[in-house]
Amino acid sequence: MKDQRRAHLDALAVASLLLCAALWGLNQTASKVAVAEIPPLLQAALRSAGAALLLGAWAAVRRLPLRPAAGTPHTLAPGLLAGALFALEFGCIFVGLQYTSASRMAVFIYLAPFFVALGMPWIAPGETLRGWQLAGLVIAFAGVATAFGESFSTGTGVNDRQWWGDALGVAGAALWAGTTLTIRATALSNAPAEQTLMYQLVVSALLLGAASQLAGEAWPAAASPLAWAALAFQTVIVTFASYLLWFWLIRHYPATQISSFTLLTPIFGLAAGVGLLGEPLTLRLVLALAAVSGGIALVSRRPRSA
C-alpha cells in the first residue's frame, strides 16, 4: 500500500514540494555564505563527495542497486557525460557566486527548464514546442536579459564583475539542461534514480577536486563554523535528503503536477538572498523573477487530454 501511486497531490505531497522548493532556493544563499571562506571548486567537490558517501550508505541499508543490472543497456558512457556536465554546472555556479549575489544566481540558473524545452525536440521529435510554450520562452529570456543588462549599469552591481557571475549563472543553467537532456536521451532514462545520481556525484567530486588542485585552491584551515555549517546543509539536506525526497515524489505522484512547483524555487531563492544576506532588491530583478516564474508555468503547461 505504501508504494501505491497517487493520481493527485495530497497534503503530504504539497508540503514536501514546498519544502524542496524552499531548500533549493536557500541553497544558493548557503553556497554564497560558504564561498567567502571555502574556495568554490573545493566546496563543490566536498559537497558532491559527502553526498555520494551518504547515498552509498543509504543504498546499502535499503539494498538499492547502484550498479547496472545484467542484460540492461550500458549506462557508463552516459553516466560519465552526465557527471561531467554536473561538475561543470556547479563549477560555474560556485565560481559565479564570488561575483554576483545569491538572489540573482537563483533567478539565472532557473533558465534551465527553458533550455530543456529548446533541446527536447531534438531528442524527442514528438515534444515540439506549442504556442504558449514559445511565449513562455520569450517572456523568460526577455526578463532575464533585462536583469542581465543591469550588471553593466553604473552603481547597481555588487562589484564591477557582476556581469561575469551572472553569465556563469546562465552557463550553469545551460549545463543543468544538458544533464537533463543527457538523462532523457540515453539508457539513464530507465536506470534507477539513485544510480543516476551516484554517477553525477562521484564523477563531479573527482573532476571538481582535480580542478580545485589545478587552480591552486588551499584547504580552508581557518574557516568558521558558519561556513562549515553552510557546506553541511548543502551536502546533507539539499544534495542528499531533498533529492531522495524528490525521487520519492516522482515515483508516487503525477510528474506533470509536481513540475509546476519548480517555479517557486527562484522565488524562495530571491527571498533568501534579500532577507538573510541583505542583498539589493531591484525592480529589474523582480521583473526577471516574475518573467522566469511565469515562463516556467507556460513551458510546463500540458495540453488537456480529450
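Subtracting the Cα-Cα distance of residue 160 and residue 226 from 0.36 nm times their residue separation leaves 21.0 nm of extension gain. Length gained on full extension, residue 236 to residue 61: 61.3 nm, using 0.36 nm per residue less the C-alpha separation. Each helix, a run of at least 4 DSSP H residues, gives -39500 (n - 2.57); summed and divided by the residues of the chain, these come to -22500 deg cm²/dmol at 222 nm. For the chain, modelled as a GNM whose springs connect Cα atoms under 10 angstrom apart, the maximal fluctuation among 263, 245, 111 occurs at 245. Converting phi to 3J(HN,Hα) with the Karplus coefficients 6.51, -1.76 and 1.60 and the offset θ = phi - 60°, region 8-15 yields 9, 6, 9, 4, 4, 5, 4, 4 Hz in sequence order, with x at every glycine or proline.
Put a plus charge on the Cβ of each Lys and Arg, a minus charge on the Cβ of each Asp and Glu, and nothing anywhere else: the dipole of the chain about its Cα centre is then about 900 debye. Summarising the label geometry, the points placed 7 Å from Cα in the beta-carbon direction at residue 248 and residue 190 lie 2.8 nm from one another.
All of the numbers you see were taken from the coordinates with simple rules; none came from a lab. Quick caveat, the model's predicted, so the values are computed rather than measured. Every residue, glycine among them, receives a Cβ derived from its backbone with ideal geometry; neighbour counts consider all protein chains shown.
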